[in-house]
Amino acid sequence: MKITRQKHAKKHLGFFRNNFGVREPYQILLDGTFCQAALRGRIQLRDQLPRYLTGETQLCTTRCVLKELETLGKELYGAKLIAQKCQVRNCPHFKSPVSGSECLLSMVDEGNPHHYFVATQDQNLSVKVKRTPGIPLMFIIQNTIVLDKPSPRTVAFVKAVEAGQLVSVHEKQSIKQLKEEQGLVRNRNLRKRRKKKKVGGPNPLSCLKKKKKAQDTKSPASEKKRKRKRIRNRSTPKVSSEQQGAEG
């Protein structure tokens, strides 16, 4: 049974690796129900998961899951200890925590760009995860870890991509990365900064200073002209009325 289980896991992993870019280390998001099932089945997740998936794994959770386990009390104290040993991934609910299932769904939203696995015993969460193509789902049954087969929605998505009707998420990411490397895609932050500069406009105080400088430059020139006129008047001697009578 163990050999056939690993064969199925290897087959499913190959499917997700080839079609959705899933790669090592496999990042597995755990919720409280999965941690509780592992505790009851005495499953050493850090040892058994890498053996089952035949690859390096990273056990992850979120702050919302930890907060949920804290509020549930002593009954899930052991599950909370397991979750606390996992790597905590940043979720968008830092100020206002949500339920663990809602948080995990947000982590795999928009095409699951970080290639997370979702490990849960929650049936409602499992149904919602299967609606999104490309998310590997794990659960525990009869004290053994199982990687679920690709959902019908995932299989249909892959067939549509092969038929040329859709572009896979992995291809979209590679195309976006190539455009950024070649400089075809500009950063949105730079655009926002440029727009802010245009809206600001010139400082009105600086304009006033420029006008004052222009007035100051004109004043010495006018004074020079006045001085020149005075010099010309002094150089021509005035002829008195007595000198004119003597000459006559």
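The values are calculated or read from the model by the stated rules, or taken from the named source; none is laboratory data. These figures come from a predicted structure and were not determined experimentally. Counting neighbours? That spans all protein chains shown, and the Cβs are built from the backbone with ideal geometry, glycine included. For accessibility, only protein heavy atoms count, side chains too; no ligands or nucleic acids. Shrake-Rupley method; radii C 1.70, N 1.55, O 1.52, S 1.80 Å.
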* To do: Could you figure out which of (1) at pLDDT below 95; (2) open to solvent by less than 20 Å² (accessible area, probe 1.4 Å) isn't true of ARG23?
  => (2)
* Give me a count of the residues in the stretch 46-79 that are open to solvent by 10 Å² or more (accessible area, probe 1.4 Å) and part of a helix (DSSP H, G or I). => 18
* Considering (1) in contact (Cβ under 8 Å) with a residue 24 or more places away in the chain; (2) closer than 26 Å to GLU102 by Cβ, say which one LEU66 fails and leave the rest. => (1)
* **Positions within the stretch 1-20 being open to solvent by 100 Å² or more (accessible area, probe 1.4 Å) and either without any contact (Cβ under 8 Å) to a residue 12 or more places away in the chain or under 16 Å from THR132 (Cβ atoms) (or both), in sequence order** => MET1, LYS2, ILE3, LYS7, LYS11, ARG17, ASN18
* Tell me which residues, restricted to the stretch 115-167, are open to solvent by 40 Å² or more (accessible area, probe 1.4 Å), without any contact (Cβ under 8 Å) to a residue 60 or more places away in the chain and not in a helix (DSSP H, G or I). => ARG131, THR132, ILE141, GLN142, ALA163, GLY164, GLN165, LEU166, VAL167
* **Identity of the residue in the stretch 82-99, under 19 Å from ILE43 (Cβ atoms) and out of contact with any strand residue (DSSP E or B) (no Cβ under 6 Å at 6 or more places or on another chain), that ends up most open to solvent (accessible area, probe 1.4 Å)** => LYS85
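If you go through the stretch 67-87 one residue at a time, do you hit one that is more than 23 Å from GLN142 (Cα to Cα) and under 23 Å from the mean Cα position of the chain (by Cα)? Quick ask: steps written out before the conclusion?
Restricting attention to the stretch 67-87, the residues satisfying the condition of being more than 23 Å from GLN142 (Cα to Cα) are 67-74, 84-87.
Narrowing further to those that are under 23 Å from the mean Cα position of the chain (by Cα): 86-87.
Looking for residues that are more than 23 Å from GLN142 (Cα to Cα) and under 23 Å from the mean Cα position of the chain (by Cα), one finds at least one in the stretch 67-87, hence yes.
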* **Members of the stretch 80-114 found to be polar (S, T, N, Q) and in a loop (DSSP other than H, G, I, E, B), listed by number** => ASN90, SER96, SER99, ASN112
